[in-house]
Amino acid sequence: MTKSRCAWCGRGFEATAGPGRPRRYCKPSCRQRDYEARRRAAELGLSEGELVVARAELEDLRDRLYVLRCAVEDVERDLAENAEDPDDVRRALDWLLDAARTAASE
Ligand SMILES: [Zn+2]
């Protein structure tokens, strides 16, 4: 078992070692979406490094990053004010983890 990263969504997954080409995608829908994106890019004459994405999907990603950035700022501010009490540090860490999990969820 080796850890691989999905070529479409970037999630880590366990790739089973075996005959044949190693898996590049965490699930079939990722493989399908990558295939469709490549086909669309080819139709539009885009290069390998260019990708057509839905505006809603890009906005969703931006929103997730914004929420995460706000959480980082909150935690930085909290830690600058009270970093002595381990309970406060723990609360700040939990808050940040929660925001990071939400940002990284599907
Ligand atoms: Zn994936």
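Summary table below
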quantity: Breaking point among (1) closer than 19 Å to Arg5 by Cα; (2) outside any loop (DSSP other than H, G, I, E, B); (3) not basic (Lys, Arg), for Leu65; calculated: (1)
quantity: Residues located in segment 24-53, provided they are in contact (Cβ under 8 Å) with a residue 12 or more places away in the chain and among the acidic types (Asp, Glu); calculated: Asp34
quantity: Residues of segment 20-62 satisfying the condition of being part of a loop (DSSP other than H, G, I, E, B), basic (Lys, Arg) and more than 21 Å from Ser105 (Cβ to Cβ); calculated: Arg21, Arg23, Arg24
quantity: Filtered residue count, segment 23-43, keeping only those that are open to solvent by less than 100 Å² (accessible area, probe 1.4 Å) and more than 9 Å from the ligand (Cβ to nearest atom); calculated: 6
quantity: Any hit, segment 2-9, residues being within 22 Å of Ser105 (Cα to Cα), more than 10 Å from the ligand (Cβ to nearest atom), of a type in the set (Lys, Arg) and open to solvent by 90 Å² or more (accessible area, probe 1.4 Å); calculated: yes
quantity: Every residue from segment 44-60 that is modelled with pLDDT of 90 or more and either surrounded by 10 or more Cβ atoms within 10 Å (Cβ to Cβ) or on the phi > 0 side of the Ramachandran plot (or both); calculated: Gly45, Leu46, Leu58, Glu59, Asp60
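The values are calculated or read from the model by the stated rules, or taken from the named source; none is laboratory data. Keep in mind the model is a prediction, meaning the values are calculated, not measured. Glycine gets a Cβ as well: all are built from the backbone with ideal geometry, and neighbour counts include every protein chain shown. Ligands, DNA and RNA are excluded from the accessible area calculation, which covers all protein heavy atoms including side chains. Shrake-Rupley method; radii C 1.70, N 1.55, O 1.52, S 1.80 Å.
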